[in-house]
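Below is one structure, written out as structure tokens; comments come after it.
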Amino acid sequence: MERTILHCDLNNFFASVEIALNPNLKGIPMAVAGDPSKRHGIILAKNELAKAAGVKTAETVWQARAKCPNLTLVIPHHDKYHEYSKKVFAIYERFTDLIEPFGIDECWLDVTGCLHDFDNNPKKFADFLRQTVEEELDLTISVGVSFNKVFAKLGSDYKKPNATTLISRETGKKIVFPLPVDNLLFVGKKSKEVLTKLGINTIGELAHYNVDILEHHLGKLGRTIYEYANGRDPSPVQHKDHYEPPKSVGNGRTFEKDITTEEEVRREIYSLCDEVGYRLRKHKLYANCIHVALKTPDFKVKSKQHAIENSTCSTLEIAEHAYNIIHEIWHSPSPIRNITITAANLVDDVAKNVQASFLYDITNHLKKEKLDNAMDIIRKKYDLNTLTFGEK
């Protein structure tokens, strides 16, 4: 049986939630922006009126206001975005349990088995779903309908906002082939540059290119995007309860004021690693690599990573590694605007990765792990920020 896959994308999600919460924002150009006083002054989302005025996501507030002087800005309310996301997904769950999230505001649905109440008409079902979300939550979605996940994603991007686009086997080439090649899933900035040098600018040109040459230049990705361009994507939509462990766990912070001293750096590292370690333990994962990146006031990024011999999820051990790494790329009193610490090369079984040696103090490691677990119990009972590490 031919599958029917939907890709549902909430339109201007953060901005739309703010408007749903405050109807006074309806009918005026508005955007959600980080707090400029805390140096997060960039546009996170905008409504259609702001978009029409040229406002773009990720540009600075002053750039946005230069284009749209009457732009109304609101600070983000991430707890509300998660709340509304859950409400939307609950609507999807009325019809299918094959729901694969693609971020907080997008997901794929496999609705192959639930079209009988809609005359087996997938567009009719998609339109009903859009209407339901709008009536119940005052939010709109754009829906792509197709026979696989890749073409369904192209469909939801094809026409916005609040639209349904059907890409069937019969109409697929007509709709898909003229589209820019970077509209295709997994064609990012670097791969687009490679494709452009090869004279490939559209999905149709990619679909007709020599796959061996693509593989030579892009490795496995070359064959993957070639198959996608030709409408071949057999990957299933995962069940709503499917768990995919993270490939890395990171935490970053932009400081209200540049930090310049050893004491400030140490304090911020332990604070950042506290969250990284907590999330690793929550997922029962251990890191084999620590990556540290810092940003200077002129937005230059310095970064370095170290593989670590013994896998860890200990906050103190991660912080010690991070502290050592940062001193290879920074010296006081050079100012730092932002620090990001990432735990990578994650594994779920530390026993396979701890190397017993005279140089590794397993007793000390277990003491740190016991301390972390005790703190986690208190956090779960009260609040994540109730307890944290102090300065050494």
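The values are calculated or read from the model by the stated rules, or taken from the named source; none is laboratory data. It should be emphasised that the depicted structure is a prediction, and the values quoted were computed from it without experimental measurement. When we count neighbours, we look across all protein chains shown, and the Cβ atoms used for this are built from the backbone with ideal geometry, even at glycine.
Show the residue pairs meeting these rules: Cβ distance below 7 Å; 6+ apart or different chains; first residue within region 138-167 and at positive phi; second residue modelled with pLDDT of 95 or more.
Asp138/Ala20; Asn162/Asn11; Asn162/Arg130; Asn162/Thr140; Asn162/Ser142
How many residues does region 34-62 contain that are surrounded by fewer than 23 Cβ atoms within 10 Å (Cβ to Cβ), small (Gly, Ala, Ser) and farther than 28 Å from Trp108 by Cβ?
Residues that pass the stated criteria total 6.
For the subset of region 39-77 comprising residues that are among the charged types (D, E, K, R) and more than 25 Å from the chain's Cα centre (by Cα), which member is farthest from Phe299 (Cα to Cα)? Let's see the steps before the verdict.
Residues of region 39-77 among the charged types (D, E, K, R): 39, 46, 48, 51, 56, 59, 65, 67.
Narrowing the set further to residues that are more than 25 Å from the chain's Cα centre (by Cα) leaves 65, 67.
Working: Arg65: 22, Lys67: 23 Å.
Checking each candidate, the answer is Lys67.
When the residues of region 249-304 are narrowed to those that are over 22 Å from the mean Cα position of the chain (by Cα) and basic (Lys, Arg), which ends up farthest from His327 (Cα to Cα)?
Lys257
Output yes when any residue across region 160-175 is closer than 20 Å to Arg94 by Cα and either crowded, with 16+ Cβ neighbours inside 10 Å or modelled with pLDDT of 95 or more (or both), and no when none is. Talk me through it step by step, then tell me what you get.
The first filter runs over region 160-175 and keeps only residues closer than 20 Å to Arg94 by Cα, leaving 164.
The next check asks that each one be either crowded, with 16+ Cβ neighbours inside 10 Å or modelled with pLDDT of 95 or more (or both); those that pass are 164.
Yes - at least one qualifying residue is present in region 160-175.
For Asp258, are the conditions met, namely being assigned to a helix (DSSP H, G or I), of a type in the set (D, E, K, R) and farther than 22 Å from Val145 by Cβ? Give the steps one after another, and end with the answer.
Working: assigned to a helix (DSSP H, G or I): no; of a type in the set (D, E, K, R): yes; farther than 22 Å from Val145 by Cβ: yes.
When the stated conditions are applied, Asp258 does not pass them.
Are any of the residues in region 119-133 within 30 Å of Val55 (Cα to Cα), in contact with a helix residue (DSSP H, G or I) (Cβ under 7 Å, 6 or more places away or on another chain), assigned to a helix (DSSP H, G or I) and not small (Gly, Ala, Ser)? It would help to see each step written out before you state the result.
In the first step, residues of region 119-133 are kept if they are within 30 Å of Val55 (Cα to Cα); the result is 126-127, 129-133.
When the remaining residues are screened for being in contact with a helix residue (DSSP H, G or I) (Cβ under 7 Å, 6 or more places away or on another chain), the result is 132-133.
Next cut, assigned to a helix (DSSP H, G or I) only: 132-133.
From what's left, not small (Gly, Ala, Ser): 132-133.
There is at least one residue in region 119-133 that is within 30 Å of Val55 (Cα to Cα), in contact with a helix residue (DSSP H, G or I) (Cβ under 7 Å, 6 or more places away or on another chain), assigned to a helix (DSSP H, G or I) and not small (Gly, Ala, Ser).
Return the only residue of Pro234, Pro246 being closer than 15 Å to Lys153 by Cα, in a loop (DSSP other than H, G, I, E, B) and within 27 Å of the chain's Cα centre (by Cα). Before the answer, list the steps.
Numbers: Pro246 fails: closer than 15 Å to Lys153 by Cα.
Pro234 is the lone residue from the list that is closer than 15 Å to Lys153 by Cα, in a loop (DSSP other than H, G, I, E, B) and within 27 Å of the chain's Cα centre (by Cα).
When you look at Ile104, is it part of a loop (DSSP other than H, G, I, E, B), in contact (Cβ under 8 Å) with a residue 40 or more places away in the chain and outside the structural domain of Ala45 (by TED's automatic domain parsing), yes or no?
Numbers: part of a loop (DSSP other than H, G, I, E, B): yes; in contact (Cβ under 8 Å) with a residue 40 or more places away in the chain: yes; outside the structural domain of Ala45 (by TED's automatic domain parsing): yes.
Yes; evaluated as a whole, the condition is true for this residue.
Counting only residues that are closer than 22 Å to Ile141 by Cα and either polar (S, T, N, Q) or at pLDDT 95 or above (or both), give me the helices (runs of 4 or more DSSP H) lying completely in region 1-78 with at least 3 of them. Quick ask: steps written out before the conclusion?
Details: elements: 13-21, 48-52, 61-67.
In region 1-78, 13-21, 48-52 are the helices (runs of 4 or more DSSP H) which contain 3 or more residues that are closer than 22 Å to Ile141 by Cα and either polar (S, T, N, Q) or at pLDDT 95 or above (or both).
I need the full set of residues from region 214-231 which are part of a helix (DSSP H, G or I) and loosely packed, with under 12 Cβ neighbours inside 10 Å, in order please. So that I can check it myself, show each step before the final result.
Initially, region 214-231 is screened for residues part of a helix (DSSP H, G or I), giving 214-218, 220-229.
Of everything in region 214-231, those that are part of a helix (DSSP H, G or I) and loosely packed, with under 12 Cβ neighbours inside 10 Å turn out to be His216, Lys220.
So if I check each of Leu137, Leu129, which one is aliphatic (A, V, I, L, M), touching a Phe, Trp or Tyr at 6+ places or on another chain (Cβ under 7 Å), at pLDDT 95 or above and surrounded by 15 or more Cβ atoms within 10 Å (Cβ to Cβ)?
Details: Leu129 fails: touching a Phe, Trp or Tyr at 6+ places or on another chain (Cβ under 7 Å).
Leu137 is the lone residue from the list that is aliphatic (A, V, I, L, M), touching a Phe, Trp or Tyr at 6+ places or on another chain (Cβ under 7 Å), at pLDDT 95 or above and surrounded by 15 or more Cβ atoms within 10 Å (Cβ to Cβ).
Identify, from the list Glu317, Glu328, the residue that is at pLDDT 95 or above, part of a helix (DSSP H, G or I), among the acidic types (Asp, Glu) and in the same structural domain as Val347 (by TED's automatic domain parsing). Walk me through how you get there before you give the answer.
Values: Glu317 fails: at pLDDT 95 or above.
Just a single option satisfies the conditions, and that option is Glu328.
How do the helices (runs of 4 or more DSSP H) wholly within region 139-208 filter down when requiring 2 or more residues that are among the β-branched types (Val, Ile, Thr): which remain?
On the way: elements: 149-158, 172-176, 189-197, 203-207.
Ranges flagged: 172-176, 189-197.
Only one of Gly204, Gly199 is over 27 Å from the mean Cα position of the chain (by Cα) and surrounded by 16 or more Cβ atoms within 10 Å (Cβ to Cβ). Can you tell me which?
Working: Gly199 fails: surrounded by 16 or more Cβ atoms within 10 Å (Cβ to Cβ).
Only one candidate passes the filter, namely Gly204.
I'd like the full set of residues that are assigned to a loop (DSSP other than H, G, I, E, B) and closer than 22 Å to Pro245 by Cβ, limited to region 269-314.
Residues of region 269-314 that are assigned to a loop (DSSP other than H, G, I, E, B), as a first pass: 283-285, 296-300, 313-314.
The answer is His283, Lys284, Leu285, Cys313, Ser314.
Of the conditions (1) of a type in the set (Ser, Thr, Tyr); (2) modelled with pLDDT of 95 or more; (3) not assigned by TED's automatic domain parsing to the domain that holds Ile341, Tyr243 satisfies every one except a single condition; which number is it?
In the conditions (1) of a type in the set (Ser, Thr, Tyr); (2) modelled with pLDDT of 95 or more; (3) not assigned by TED's automatic domain parsing to the domain that holds Ile341, Tyr243 misses (2) alone.
Restricting attention to region 79-101, and to residues there that are assigned to a loop (DSSP other than H, G, I, E, B) and touching a residue at least 60 places away in the same chain (Cβ under 8 Å), which single residue is nearest to Gln238 (Cα to Cα)?
Here is the first cut: in region 79-101, the ones assigned to a loop (DSSP other than H, G, I, E, B) are 93-98.
Keeping just the survivors that are touching a residue at least 60 places away in the same chain (Cβ under 8 Å) gives 93, 97-98.
Values: Glu93: 13, Asp97: 9, Leu98: 6 Å.
Here the answer is Leu98.
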